[in-house]
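Inspection log for the structure reproduced underneath, given as structure tokens.
The values are calculated or read from the model by the stated rules, or taken from the named source; none is laboratory data. Every value quoted in this text rests on a predicted model; they were computed, and no experiment measured them. Cβ atoms come from the backbone with ideal geometry, glycine included; neighbour counts cover every protein chain shown. We work out accessible area using only protein heavy atoms, side chains counted, and drop any ligands, DNA or RNA first. Shrake-Rupley method; radii C 1.70, N 1.55, O 1.52, S 1.80 Å.
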Amino acid sequence: TAGSPRKAGGGGGAGALGQNANPGTNAAGNGGIGIFNTITGANTAYAGGGGGGSDSGFGGTAGYGGQGGGANGQNNNSVNGYSANTGTGGGGGGGPNLGPSVAGSGGSGVVILKYTFGDSTNQTFVFANTGQFVVPDGITTIDYLLVAGGGGGGVASPASSSYCGGGGGAGGIL
């Protein structure tokens, strides 16, 4: 409605839904949390949803990206949306309602292998781009984590004073 803050919802994460924009406040929705995994030895979050965009001209605050690489939404009409972290599968941040800005890109995915070879344990191989893993003789177990790339955030099209872009959804996890 005229004179009210404009804001959008956050994108879904692999572990939880994104939040809706709050009609009682000026806050856009936060992205949903990702999923934590310990395949690398550290408890790391992957595939968080992107935060929703808002309109700072009405005092709106953008949504935060979900844990797991989700990007924050944007509320500055002259700045592009935030992009998600590379290799996380996080969703891109939603764009604001006006200006030449573009929504944020989703984060690329990643494949991580953990294997046991001979007497050594917890060896890892990471596919950050393209690559090939040749299975050597003597491997007894292989665990894997596959994180798909996240979706880009939304943006008002055409630029409008009434709508903002929602946060991008996270990539899936196997």
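Cα-based values for the stretch 28-86, radius of gyration first and Dmax second, are 13.2, 45 Å. A 1.4 Å probe run over the protein chains yields, for the stretch 25-174, 47 Å² of accessible area per residue, whole-number rounding.
Take the Cα of Ile142, go 7 Å toward its beta carbon, and the backbone nitrogen atoms of the stretch 88-123 under 11 Å from that spot belong to 113-116. Sorted from longest to shortest, the spans of the Cα atoms of the chain along the three principal axes equal 68, 28, 17 Å. Label sites at Asn43 and Asn129, each approximated as a point 7 angstrom past Cα along Cα to Cβ, lie 3.4 nm apart. Here the relative contact order of the chain, from alpha carbon pairs under 8 Å that lie six or more residues apart, stands at 23 percent. Within the accessible area of the chain, the carbon and sulfur atoms contribute 51%, probe 1.4 Å, all protein chains present.
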